[in-house]
Amino acid sequence: MLSAYISHPDCVKHEMGHMHPESPERIGAIHDMLLIKGLIDCMQTCEAPLATEQQLAQAHSIPYIHSIASMAPTEGYVRVDPDTMMNPYTYQAALHAAGAAVLATDLVIAGKASTAFCNVRPPGHHAEYDAAGGFCFFNNVAVGIRHALNVYGLARIALIDFDVHHGNGSEDIFHADERVLICSTFEDKIYPFSGNQPRGKNMVNVALPSRSGSEAFRAAVTEKWLPALETFKPEMIFISAGFDGHREDDMGNLGLVENDYAWVTQRIVEVARHHANGRIVSCLEGGYELSPLARAAAAHVKVLIGVDC
C-alpha cells in the first residue's frame with residue numbers, strides 16, 4: 001500500500017506579490033526534490049478536491065467562510081491582514097488546500113494509503129475559527145482532524161506542529177476539544193507572539209529560545225511530547241509540517257537541519273505504529289527558503305512513507 005502525495009495546480013496560482021516569502025515556487029521546489037530523490041515514484045499521486053462548506057464549517061464559522069469567499073477579488077489583490085493577501089485564485093487554492101487534508105484523511109482511514117503528505121498552499125495553522133492571518137485562510141489540518149472525528153468517529157487525534165511559529169489558529173480551534181492533543185514546538189518571542197501559556201489542558205507547547213538548535217528541539221520532543229503522546233494513545237496523527245526552523249531560513253532562528261526533521265518524523269511514525277495503526281496525515285505549513293525547504297521536506301517524506309528509494 002503506497003503513501004499518498006496530494007496537491008493541486010491551483011495551489012501555485014495563489015500569490016501575494018513578487019517579494020512575498022510565501023511564494024508559489026514552494027510547491028514546485030518540494031515536488032522537484034521528491035522527484036529527484038525518487039520519492040514520488042514510491043507514492044500514489046492524487047489531485048486535491050475542493051473542500052465543501054460543510055467540511056470547512058467543522059473548523060470555521062459559517063460567517064467567516066462566507067466572508068473569505070466574498071473578499072476574493074476578480075483582479076489585483078485584497079489585503080486580509082498586514083502579511084496576508086488574496087488574489088483572484090486564492091479562494092480556490094485555499095479550498096483545495098483544505099480539501100487535500102480531507103482526501104488524505106479519507107484515504108488513510110479507509111486503508112487506501114498508509115500515510116499522506118499534502119504539498120499544498122496557502123498554509124493553515126494560523127487560521128483561527130473566525131479569522132485569517134499569517135499567510136493562512138482555512139486551517140487545513142483542523143478541517144482534516146474534525147473530518148476524522150466527526151465523520152469517522154475517531155475519539156483521540158494528535159496534532160504535531162514543528163513549524164518555527166506557534167500554531168495559534170489550531171490552538172484557537174481545538175483548545176476546548178479534549179479529543180485532540182496538540183504537541184508543538186516553536187521559537188519564542190516571534191510571530192504570532194503566543195503559545196507560552198497554553199489555552200487548554202490538551203496542549204503541550206514548548207517555546208524554544210532563539211538559536212536553540214538540534215539538542216533543545218530533540219529534548220523537547222523526547223521529554224515533553226513523547227510522554228504525553230504515550231498517555232493519550234492517539235488513534236491517528238496529523239502533522240503541521242513547517243520547515244522554517246531550518247538554519248538557512250531567515251523566517252526563524254532555531255538552527256535545525258534536515259536530520260532533525262527526519263528524526264522527529266521517525267519518532268512520530270513510531271508513536272503512530274504503536275497506537276494509531278500507522279495512520280499519519282502531514283500538511284505543509286511554513287518554509288520559505290526554497291533549497292532548505294525542499295531538502296527538509298524530502299527528509300520528512302522519506303521517513304513518513306517508510307521506504308528507502
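The values are calculated or read from the model by the stated rules, or taken from the named source; none is laboratory data. A quick note: this is a predicted structure, and the numbers were derived from the prediction, not measured. Glycine also receives a Cβ, built like all others from the backbone with ideal geometry; neighbour counts cover every protein chain displayed.
Quick notes
- Filter pass, LYS112 being without any contact (Cβ under 8 Å) to a residue 40 or more places away in the chain and among the basic types (Lys, Arg): no
- Of the helices (runs of 4 or more DSSP H) contained entirely in the range 68-186, those carrying at least 1 residues that are among the acidic types (Asp, Glu) fall at 90-109, 168-174.
- Qualifying residue in the range 129-151 (condition: touching a helix residue (DSSP H, G or I) at 6+ places or on another chain (Cβ under 9 Å), among the acidic types (Asp, Glu), surrounded by 24 or more Cβ atoms within 10 Å (Cβ to Cβ) and closer than 24 Å to GLN197 by Cα): no
- Selection count, the range 60-77, where residues are buried (at least 17 other Cβ atoms within 10 Å of the Cβ) and either within 19 Å of the chain's Cα centre (by Cα) or not hydrophobic (A, V, I, L, M, F, W, C) (or both): 2
- Of residues in the range 237-261 being of a type in the set (A, V, I, L, M, F, W, C) and within 18 Å of the chain's Cα centre (by Cα), the one modelled with the lowest pLDDT: MET251
- Output for the range 39-59, where each listed residue is surrounded by 17 or more Cβ atoms within 10 Å (Cβ to Cβ) and assigned to a helix (DSSP H, G or I): ILE40, CYS42, GLN55, LEU56
- Within the range 250-309, the set of residues being in a helix (DSSP H, G or I), farther than 23 Å from LEU229 by Cβ and touching a Gly at 6+ places or on another chain (Cβ under 9 Å) comprises LEU290, LEU293, ALA294.
- Of all the numbered requirements in (1) under 19 Å from SER210 (Cα atoms); (2) in contact (Cβ under 8 Å) with a residue 60 or more places away in the chain; (3) surrounded by fewer than 24 Cβ atoms within 10 Å (Cβ to Cβ), GLY245 misses one, and that requirement is (3).
- Residue tally, condition farther than 17 Å from ASP244 by Cα, in contact with a helix residue (DSSP H, G or I) (Cβ under 8 Å, 6 or more places away or on another chain) and among the small types (Gly, Ala, Ser), over the range 24-49: 1
- Test: residue in the range 286-296 that is buried (at least 24 other Cβ atoms within 10 Å of the Cβ), more than 17 Å from VAL141 (Cα to Cα) and either in contact with a Phe, Trp or Tyr (Cβ under 7 Å, 6 or more places away or on another chain) or charged (D, E, K, R) (or both): yes
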